[in-house]
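Novice: Pasting in a structure now, in structure tokens, and then I'll have a few things to ask.
Rule-based calculations on the coordinates, nothing more; no lab input. As the structure is a computational prediction, the values presented were derived from the model and not from experiment. As a convention, Cβ positions derive from the backbone with ideal geometry for all residues, glycine included, and neighbour counts pool all protein chains shown.
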Amino acid sequence: MLSAQTTDKKVNEVTPALFAEAPDPQAMAALPVDRILGFIRTVGLAPTKARNLRAMSELLIERHGGRVPNDIDALEALPGVGHKTASVLMCQAFNRPAFPVDTHIHRLAARWGLSDGKNVVKTEADLKRAFPKDTWNRRHLQIIYFGREHCPARGHDLGRCEICGWAATKKRIAGEAQRR
Ligand code: SF4
């Protein structure tokens, strides 16, 4: 919930103090929004995230007895919890098959020719078709780490890549054909 338009590093800087003050939904729901904002002020979209954290905590208590639900629809119904966040929880917290698509996965699926890169909904559906279900949870982490460490978005010349230079070549040819 905190990571939109913010680096993981920044999120990890603010959460220890926030969670020390509010380690569970009951404590978070008891904090004024301004107090939550004070902890997370340096992350992007902080005022909205502070309101969502408070509202989500109240709903966790009201609807789910203060526990995080093991159900993707129930998760997505919570304020500030989008499809990607809910999918991460399903696979990381509950070990249920899901394929959360972040910016690295979206980029690499297109580079590898596994999806056309139009949007993350399409990329998720294409990757779910491409990989066996029992590998999704592992696969999404592997692709994220590979993208971060080896295949960055910027300053990367796909034409020089031996493994998937073919995808770049295919795209370039298609682009040239369209321009003609
Ligand atoms: S060959 Fe290049 S573009 Fe392809 S996955 Fe490897 S680093 Fe990325």
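Novice: Quick check: net charge around residue 99, other residues with Cβ under 14 Å of its Cβ, Lys/Arg +1 and Asp/Glu -1?
Specialist: Local charge sum for residue 99: +4.
Novice: Right, something else. From the convex hull of the Cα coordinates of the stretch 3-70, what is the mean projected area in square nanometres?
Specialist: Details: hull surface 17.8 nm².
That works out to 4.4 nm².
Novice: Right, here's the next one. How far apart, in nm, are two points set 7 Å out from the Cα along the Cα-to-Cβ line at residue 27 and at residue 135?
Specialist: Taking the two extended label points, one gets 4.2 nm.
Novice: I've got another one for you. Where does the chain land on Rg/Rh, using Cα atoms and the Kirkwood Rh?
Specialist: In the chain, Rg relative to Rh is 1.06.
Novice: Could you work out how far apart the two model spin labels at residue 83 and residue 112 are, taking each label as a point 7 Å from the Cα in the direction of the beta carbon, and quote it in nm?
Specialist: Between residue 83 and residue 112, the label points sit 2.0 nm apart.
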